[in-house]
Amino acid sequence: MNKSEHIRQAFAELGKDAANKEIINLLKEKGVEVESQHISNVKKYVPKCKKRDIENLSTLERLKNLVEDVGSTEIVRAMLDLLDKQR
């Protein structure tokens, strides 16, 4: 995951109105060093969302990471189909 993705994830966790210093501190705890200007640049493109939308964004980010981990969307779809059949 690149620094911009880490910043977007931090906004999803803390909310769109989080101060740059809050983002810096959160990411520092996770071992990611970012500068305030980088956060400001990314923040311009973070949509203003309701809390529920931010949670959906976080879920989407985790799903994207899962696709990267397993290698393809087809494999993830197959896994979801198996889960759906088990219900």
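Listed by position, the helices (runs of 4 or more DSSP H) inside segment 1-49 whose residues that are among the small types (Gly, Ala, Ser), buried (at least 18 other Cβ atoms within 10 Å of the Cβ) and free of Cβ contacts under 8 Å to residues at least 24 places away in the same chain number at least 1 are 3-14.
One line per residue, one yes/no per condition, for (1) closer than 20 Å to Met1 by Cβ; (2) modelled with pLDDT of 85 or more:
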{"site": "Leu26", "(1), (2)": "yes, yes"}
{"site": "Glu29", "(1), (2)": "yes, yes"}
{"site": "Val34", "(1), (2)": "yes, yes"}
{"site": "Asn41", "(1), (2)": "yes, yes"}
{"site": "Val46", "(1), (2)": "yes, no"}
{"site": "Gln86", "(1), (2)": "no, yes"}
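The values are calculated or read from the model by the stated rules, or taken from the named source; none is laboratory data. This one's a predicted model, so the numbers in the text were calculated from it and none came from an experiment. For neighbour counting, all protein chains shown are included, and Cβ atoms are generated from backbone atoms with ideal geometry for every residue, glycine included.
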